[in-house]
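Only one structure is covered here, and it is reproduced in the block below.
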Amino acid sequence: MILLLALALVVTLLGGVLVGGWLDRVVAGRGAGPLRAAAALAVRGSVRTEAPDDLLQRLAPILYLALAAVGLSVVPFAPGAALVESPVGIVIWGSCEALTIIAVFLHGWSPNAPFPLIGAYRYVAIALPVMLPSMFVLIAAALPAESLSLSAIVESQRDIWNVVRQPLGLPLFVMVGLTLTLRGPMDYADAADMAGGTSAEEGGGARLAWEIARLAMLVSVSAVAAAVFLGGPLGPVLPGPVWLWFKTAAVMALIVLAGTSVTRTTPSRMLGLIWTIVLPLSFLHLGIAGVLAL
Amino acid sequence: MAVNWLARLAAAAPAPVFTCIGPGIQAAVERLCLSPALDRVATPRAAAILLVAGEIPDHAQEALDRVHDQVPHPRQTFRWDGTGDPEPALRDLWRDLAAGGDTETDRRPDAPPNDWCGVGPHGQGGKGMMGGTPYGRPMAMTADDPRDGLALDAYTARLGPFVPMLPPGLVLEVTLQGDVIVSAEVRAAPFAQPDDASAPDFCAARMLRLVGLPRDADRVARGARLRAITALRAIPEGLGRHDGQDARGRLAGWLAGERGPEAAPALATLLPGLEWSEAMLVINSFSPATLAHVAISKEDA
Amino acid sequence: MTLVLVSAASIVLALGLSFLLMAPRHDAGTSAPMAAPFLGGGTPDTHAWQRFHFRAYTMTLVFIAFEMEMMFMYPWAVVFVEEGVKALAEMGMFLGILSVGILYGWREGVFRWQ
C-alpha cells in the first residue's frame, strides 16, 4: 500500500510538473512545448559566479523540490489514504511552506551577486507574513473536521466542499500558492525588474532544476488546495486519485492564470497590504468558519 | 544517441537571446523579440546568443565585452543592423549551439578585478570583518542611511548600458542600502532612438513587463488591449512625480495612446530614497525620447 | 516514521536530479570575466555579500508574535467544536488583542519599508 502511494506521489509530481510547464507556456501565449524548453536549458552549461557559496547553491533547488514532495505526501490520494497519514498533516505542510522561504533565500544568497541578493531579501519580507493567512485558512478548514489531518479535512467535506462553506479560503490560499511558486503578483524573488532576481546569475541545468522545483511546488500547493477546499479525492464514479488529479490540475490552472493576469505592486506597498487587508480578512474568514462549524 | 536527441529537442525551442541594443534600433529589436521563435532572456547567463543590434558606440564597447564574456559556453555573437529578417539565421545559430557547436573566447583578460591581497583562511584580509580584498574585490563598508539612520553596508555599482530593465545606453552609478537607492548618478545617457521607440504601445509594454505582466506586455506591444487587472492601481500614487504627472499617470496616458512628457527628469534627484522596484518603475515611466536628454552627472570631485 | 522515510527519499531523489542536471557541461571552466556579477556591462565596487539593510525588520517582530499565536491555535482547532462558544470567545479575544497590535503597529509605521 505504502509503495503504491509512493508511486502515486512520484507520478503526480512528474505529471504535474509537465502539466504545469505546459500551462505556463500556453497561458503566457508562448506556444506549447515544455519539454523543448526544458531541453533548451538542459543542453546549456551554468556559470560559477565570483566566490559563490557552492554548497548552498546546489542545496537550494534540492531543498525546494524535496519540500514540495514532502508537502504532497500528506495529501490523501483516496479517502483516508495519504502516504504520510499524520494526525497533524496541516502542520507538516505548514512547515514545508515556511522552509520554502529558506530555499528561495539560499538560492538568492549563494551566487554572491546583487540582483539575486536583493531578490532574496525582498522575497523573505513578503513571504514571511504570507505564511500567516495561509495557516489561518488551513486552521479554519480544520475546525469542522475537528482534526489537523488532511484526510479528516477531506472526510468533513462529504456533504459540502469547503470552497462553498468557507468562500474566502480558496482565494487567500491562491495568494499563498503564488507566493510559494514565485509567480506574478507575488513574485518578489525572480521578478523582471531585477533581471530575474534570484535566478539572474543562473542558466542551463541549474536553472532547469530550479524551474522544476518551482513547478513541483505548484503541484503540491494545488493538491493541498484541492484536498482542503475541493474535497480532494471525493467524487462519484471515478476512483479517488483521478478526482484528486483533476482538481489539482484545476487549481494549478487557476494559480497560473492569476499569476499572469494580476499586476504586481511594489514590495513596500505589498507588505502593508498583507498586514492591513489580507491578514484581517483571514481573521474574518476564521471567525465565519468558526461560527458555521458550531 | 541520447545527446543528439536532446539537442534536436532543444533546437526546436525558442532561441535564448540576450540583446545588447545600440542607437536607433530599439523598436526594431523589440518588434523582433515578439516572435515566438526567440526567447529574449533577462540575463546573459540564460542566453546562448548575444544579439548585438546596431553600432555600439566606442564608450560602451568595454561594457559590451563584459556582457559577452558572461554568456556561458558555447556562445556566439550575432550582429544585426536592423535590416532584413534575422530570424532564420538566429535559428540556425541556435541549432548549432544546442548541439554544442563552436564557442567564442573571452574578450576581457582573465584576471581578478583587483589584486587579491587576501590573508587569513578565507582570504578575508583586513581586521575582523572589515577591509581586505578577498577574490580580488573589496567587501562593502558601512555608510549612513537616509531612511532610518541605521548605518549598514552601502553597495555601489555601475548599472548598464545593457541592463534589460533600463533603457539601452543608460549607465547609472547607484549606491544602495539594502534595496533602497541612496544616490544615483547618470554616467551615460541612453542611446538616441528614433520616434518609433517612444510609441505609447512600446513604452507601456516595457512598464507592464516590470510589474509581472509579460503576456499583456506582448499584447500591448502588438497593438491589442490590456487584459490584466489592477495594472494602474498597482503603481503607487505620486511615485516619480514630474511635470505634474506621476508614473501611474504616465502609464495611463500611454495606454490611452498619448505620448509622454518631453522635459527630461533629473534622475539624480528623482531616484534617491526610492526602493529598487519603485526606481525601475520611475525610470521606465519616461519614454526613450525623453530620457535621451537626461542630464549627465559630473564626476565627483 | 513514514515522514522520516519520505523526507529522506525526497532529498535523495532531489539530489539525484540535481547531479543529473547541474553537471558541468563545458570544459573551458569559468574565467574571471565570466564569473563577474551581471550588471548589464557595469561593474560593482565591492562583493554583493554585505550587512544587508533588511527594510522590513520591524515587521518581523510582529510576525514572531503571530507565529507563537499559531502554536496555540493548532490544539485549539482540534477541540473547537467540542468546547463550542467558549473556544470561539477565547480565540476572539486573543485575535482581538493581536488586531489592536496590528493597528498600533500600522500607526507607528511598522509595516513600511524602513
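For this structure, a couple of remarks:
- Euclidean distance between Cα centres, the range C:51-86 to the range B:52-111, Å: 52
- Restricting attention to chain B, close to 55% of DSSP beta bridges with both partner residues there are antiparallel.
- Under-5 Å amide H pairs with B:THR77, H placed in peptide plane, nonlocal only: B:LEU50
- For the range A:154-222, pairs of C-alpha atoms spaced more than 17 angstrom apart make up 55 percent of the total.
- Peptide A:176-187 - average C-beta neighbours from other chains (10 Å radius): 1
- The string of couplings for the range A:163-170 from the Karplus curve (6.51, -1.76, 1.60, θ = phi - 60°) is 5, 8, 6, 10, x, 6, x, 5 Hz, one whole number per residue in order, with x for Gly and Pro.
- Charge-dipole axis of the protein assembly as shown as Lys and Arg at +1 and Asp and Glu at -1 on Cβ define it, positive-most pick from A:PRO167, A:VAL237, A:VAL124: A:VAL237
- Extent along the principal axes, Cα only, for the range B:143-301: 47, 31, 28 Å, with the longest axis given first.
- Per-residue Karplus couplings for the range B:237-248, computed as 6.51 cos²θ - 1.76 cosθ + 1.60 with θ equal to phi - 60°, are listed in order as 5, x, 6, x, 5, 7, 6, x, 9, 9, 4, 4 Hz, Gly and Pro entered as x.
- Dividing the mean sequence gap of close Cα pairs (under 8 Å, 6+ apart) by how many residues chain A holds gives a relative contact order of 27 percent.
- The angle between the Cα long axis of helix C:57-83 and the main principal axis of chain C comes to about 50°, on a 0 to 90 degree scale.
- Long-range amide H partners of B:ALA15 with built H, under 5 Å: B:LEU38, B:ASP39
- Remark: relative contact order (chain C) = 34 percent; criterion is Cα-Cα distance under 8 angstrom and separation of 6 or more residues.
- When the Cα positions of A:TRP93, B:PHE18, C:MET71 are compared along the charge dipole of the protein assembly as shown, A:TRP93 comes out farthest toward the positive end, with charges on each C-beta of Lys, Arg, Asp and Glu.
- In order along the range C:12-22, phi translates into HN-Hα couplings of 4, 5, 5, 4, x, 4, 5, 5, 5, 8, 9 Hz, rounded to whole numbers, per the Karplus curve 6.51 cos²θ - 1.76 cosθ + 1.60 with θ = phi - 60° and x for Gly and Pro.
- Helical mean residue ellipticity (222 nm; -39500 (n - 2.57) per DSSP H run of 4+; nearest 500) of chain B: -7500 deg cm²/dmol
- Using the Stokes-Einstein relation with a Kirkwood hydrodynamic radius computed over Cα pairs, the translational diffusion coefficient of the protein assembly as shown at 4 °C and a viscosity of 1.567 mPa s comes to 49 µm²/s.
- Unit charges on C-beta of K, R, D, E only; dipole of the protein assembly as shown, Debye: 1220
- Antiparallel DSSP beta bridges within the protein assembly as shown, percent to nearest 5: 60
- Distance distribution P(r), chain A, all Cα-Cα pairs, bin width 10 angstrom from 0: 7, 29, 36, 21, 6, 1 percent.
- Cleavage-rule hits, GluC sites (Glu not before Pro), the range B:30-123, DSSP coil, Cβ neighbours within 10 Å at most 16: B:GLU55, B:GLU104
- Between C:GLY40 and B:GLY160, the built amide H atoms are under 5 Å apart, and every one of these is 5 or more places off in sequence or on another chain.
Values in this text are rule-based calculations from the coordinates and carry no lab data. Predicted model, so just to flag it, every value in this text is computed and none were measured. Neighbour counts run over all protein chains shown; Cβ positions are idealised from the backbone, glycine included.
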